């Protein structure tokens, strides 16, 4: 049943431990120096490591249903992780990465009858209310709620003490991103335009990568 995971681990070892670069060996000896902290959804289709094709050591990762960031409370997993990443690893950018076609947001909109889940996602009800006031059809409400939850989570994030202090000192930036699962585009919220705009660029051709290496 777990053969696919075991095979993946073997390939990871061969590529990152046994190749000429020995990336993991270097990271073990020199320590990690990630530049990003990414908060994303638990959705198996939207793993940041897969989306960004990131090498080990590039970013810290935190996952929660809907990429929801709840208001600050001391001692939570997210608060501790942010404190560690910002104060002791000097990350430069925090990204709230939501996505379209999100099951958690659909559960919020449709009032899923499951206390264990709703007790977590209910904090995003305000975002749903904004969407309901601005949209008409059910699909429009879900899409708008997905966006509003990202923005609300970003605002909640800015009130975490470690984040607030780093922002005040201009040591970090905080970004609101959305992965469009239907077409693969990456979008960022534009504060001036008050909308999400596409960030994704066309991949470099192989010869361009060599030239720019």
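A short reminder: the numbers here are calculations on the coordinates, not readings from a lab. Predicted model only: the values in this text are computed from it and were never measured. All Cβ positions, glycine included, derive from the backbone under ideal geometry; neighbour counts span all protein chains shown.
So if R0 is 22 Å, what FRET efficiency would residue 181 and residue 134 give, r being the distance between their Cβ atoms, rounded to the nearest 0.05? Display every interim value, and only then the final one.
Values: r = 22 Å, r/R0 = 1.01.
The pair residue 181/residue 134 has a calculated efficiency of 0.50.
From the C-alpha coordinates alone, can you work out the Kirkwood hydrodynamic radius of the range 1-119, in Å? Each step should come with its number before you reach the end.
On the way: mean 1/r = 0.0602 Å⁻¹.
One over the average 1/r among Cα pairs gives 16.6 Å for the range 1-119.
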- Query: Can you give the FRET efficiency for residue 14 and residue 169, using 1/(1 + (r/R0)^6), R0 = 41 Å, r = Cβ-Cβ distance, to the nearest 0.05?
  - Reply: 0.45
- Item | Length-normalised contact order for the chain - Cα pairs under 8 Å, 6+ apart - percent | 19
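Could you put 40, 173 in order, starting from the residue whose Cβ has the fewest other Cβ atoms within 10 Å? The partial results should precede the final answer.
Numbers: 40 23, 173 11.
Starting with the residue having the fewest Cβ neighbours, the order is 173, 40.
Where does each of 137, 93 land when they are ranked from fewest to most other beta-carbon atoms within 10 angstrom? Could the numbers behind the result be given before it?
Details: 137 8, 93 14.
Neighbour counts put them in this order, fewest first: 137, 93.
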- Query: By per-residue mean of other Cβ atoms within 10 Å, what is the highest-first order of 147-160, 19-32, 73-86?
  - Reply: 147-160, 73-86, 19-32
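Would you list 6, 39 from fewest to most Cβ contacts within 10 Å?
Details: 6 9, 39 26.
In increasing order of surrounding Cβ atoms, one gets 6, 39.
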- Looks like the range 32-212, by Cα gyration tensor root eigenvalues a ≥ b ≥ c and the a/c under 1.5 rounded cutoff (else prolate when a/b is bigger than b/c, oblate otherwise), is oblate
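Kindly provide the helix-only [θ] at 222 nm of the chain, computed as the sum of -39,500 (n - 2.57) over DSSP H runs of four or more divided by all residues, to the nearest 500 deg cm²/dmol?
Numbers: 10 runs with 98 residues, N = 213.
For the chain, the value works out to -13500 deg cm²/dmol.
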- Query: Within the range 71-90, what residues put their amide N at less than 16 Å from the label point 7 Å along the Cα-to-Cβ vector of residue 126?
  - Reply: 71-73
